[in-house]
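Q: A single structure is presented below for examination.
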Amino acid sequence: QENFGVELKRLNLPIGLRDTDAFIETLIKAGGALTERLQRQRSRYLDAMADSHKYNSDARAAIFGEPDFVFSMCRLLSENGAFTALAATGSECKGFESAIQSEVEANKSYYLNEEPVIIDEADFSDIENLLKEKGVNLLVGSSDARRLEQTYHIPLVRAAFPVHDHVGGQRVRTLGYEGSLTLLDRITNSLLSATEHTYRAELYNSYYPAKLTKNTENPKASGSSLSAIHPCFNGCGSNYARLHLPVAKRCNLKCNYCLRKYDCPNESRPGITSRVLSPEEALDRYLTARDKVDNLTVVGIAGPGDALADFEKTKRTLTLIREIDENIVFCISTNGLFLPYYADELAKLRATHITVTVNAVEPAIGAKIYENVAFMGASYHGETGAALLMANQFAGISRLKELGIVCKVNTVVLKGINDEHIPAVAKKVRELGAELQNIMQLIPVKGSAFENTPLVSNMEILKLRKVCSAAIPQMNHCRQCRADALGTLDNDISRTFWWSEELEKEAAEDAFESHELLLFAVSSKGGVLVDQHFGHTEEFYIYEYNRSEVRFREKRSVYKYCGGKTDCDDQEDKINLILNALDGCKYLLCMRIGENPKRRLEQMGIQTFITYDRIESAVKEAVKTIGGVERKALCRVGDQK
């Protein structure tokens, strides 16, 4: 404008009616002509606004992304009757708050003068903390919020880059009348879908409660009043029975005393089950047990992994059971790593009793007990991992106290490691709000890091309990139950009750599976997905597979194989360095790989799998392929014989 006299116009992104109109008007003033096609597009958008306005008025949106995008989306939502409850950008933007504030000012009368939350330099933890407070029911932004969508069941409209979990992100239309119409339809349909998929169940539950419940007496009894019928919490075990449902297979800790193994009916210890169930299978098992075990009062989920590491399955199981029985007592066992995040959800599910395993309250001691802590896509070791675990355990137990949930703490005695530290554990957990402590004997497990750890005597455990009883009441009747236990504490009938011809057949089929520990090298940008090209990898995530279990082991750094067009596919020294780094790994998972490195890896006995999936799922799928090849080979040998 200064040099050539060409007028400079700064406009908002042409998203929505007002800003697209302003853009078109500017072009007309500059000499353009309004076409019939544009007029028809505008008319169709106006028609869509009229059709969807009554639904959009229910929206309480959280918008996040670049400042221009957030501002424009806020304007589109405002002109369609939706309320922007939260506007967030990760950038530092001085005019951001005032711009958003002025936009929502006109809508205040429709929302009882409610103020939106507007923040710059925000991250997703800030957004997550505000979702419930602001009653958000719609997310608008990039796919980086997919974890929030999954955790809180809030629909996410993916309208900004990046879009990692859907294809066609580059073709998402937002600009102009047609782009605005497409975007508006997606927003309205997300709101409608959330309503349509829930209201029937809510109405049915409201009008037909008698058909859904067998027991309706005292449905909202407190945890403390229900402890009398919980064999682990009533002080004596009594003749009340409990049922453990093994639906939670995943675990987020690697404890040095633990080795989780399935299909083992002849062992009795935590982490053991004859079979891992789906939530629907767990409901069937509960109904069968309820009809045949008259004194069943408690349903628990104690693994075989961690109930909160597999929370969606835990939640689904409890929800299904609660729909048919209002009176059954729910009990959950957890290591506590995710307890602060799910304590309120457990309260909504009316879980009244929670057991948290706390073996140490000092990171230096915890570092000797836990090999690694898997949290939010990263793996932590040593005192860092132990400190993270303990911080979450402390926060979670405190929150259980606030919610009125009875908390028991399990502590495993490890001679020479935490045996002298356990009184400090007892004092700390009591301060946090725990009501009972269960000091447990170590069960040595062959193959675990602590398999040769010497045991403390029964006399030593009794002395520990006596010392700790000054701080917190002690449990003296624990039987260290299986993850599929059924019956009273003194009479676990699960092995005879569930072991059937069907399970024997499954066990026979699983005998084909190799019990050899397999190592997988994974090309991943963040340790969650297999989402990186082999040639771009500077750090491989090493995962181990053993007995149907997938675990993260370590990271191994390498020199990036490909540095550009002139630095790919012909780097003998680099491939040798990578091969050295992958020592012990027989398999590689990556999103893409060139033919030359793939051929060289195969020459060294490393099989490559091309995939894009969550790492744990990708490893299991690869194992299925490997197992299928081995079975075919065995069949061929059998035919020859």
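The values are calculated or read from the model by the stated rules, or taken from the named source; none is laboratory data. Quick caveat: nothing in here was measured; it's all calculated off a predicted structure. We place every Cβ from the backbone using ideal geometry, glycine too, and count neighbours over all the protein chains shown. Remember, those area values only see protein heavy atoms, side chains included, never the ligands or the DNA or RNA. Shrake-Rupley method; radii C 1.70, N 1.55, O 1.52, S 1.80 Å.
Q: On the protein heavy atoms, probe 1.4 angstrom, tell me the percent of accessible surface of the range 1-132 carried by carbon and sulfur. Numbers along the way, then the final one.
A: On the way: 3850 of 7680 Å².
Answer for the range 1-132 is 50 percent, counting heavy atoms of protein chains only.
Q: Restricting to the range 269-411, compute how many DSSP beta bridges are antiparallel as a %, nearest 5.
A: On the way: 3 of 17 bridges.
Just about 20 percent of them are antiparallel.
Q: How would you order 25-38, 374-387, 159-172 from highest to lowest mean count of nearby Cβ atoms within 10 Å? Mind dumping the intermediate values first?
A: On the way: 25-38: 10.9, 374-387: 16.6, 159-172: 13.5.
Sorting 25-38, 374-387, 159-172 by mean packing, highest first, produces 374-387, 159-172, 25-38.
Q: Which whole-angstrom value gives the distance between the alpha carbon centres of the range 319-353 and the range 424-451?
A: The two parts, judged by their Cα centres, are 22 Å apart.
Q: At 1.4 Å probe radius, can you tell me the per residue accessible area of the range 291-419 in Å²? Let's see the in-between values first.
A: On the way: 4150 Å² over 129 residues.
Dividing the accessible area of the range 291-419 by its residue count gives 32 Å².
Q: What nm distance separates the two modelled labels at Asp21 and His533, each placed 7 Å from Cα along Cα→Cβ?
A: So the label points at Asp21 and His533 sit 4.7 nm apart.
Q: Show me the three semi-axes of the equivalent ellipsoid for the range 271-398, from the C-alpha gyration tensor (sqrt of 5 times each eigenvalue), largest first, rounded to whole Å. Let's see the in-between values first.
A: Details: eigenvalues 184, 43, 32 Å².
Computed over the range 271-398, the values are 30, 15, 13 Å.
Q: Moving to a separate point now. Of the peptides 75-86, 94-105, how do they stack up when ordered by the mean number of other Cβ atoms within 10 Å, highest first? Can you show the working numbers first?
A: Working: 75-86: 23.1, 94-105: 14.9.
Highest-to-lowest ranking by the protection proxy: 75-86, 94-105.
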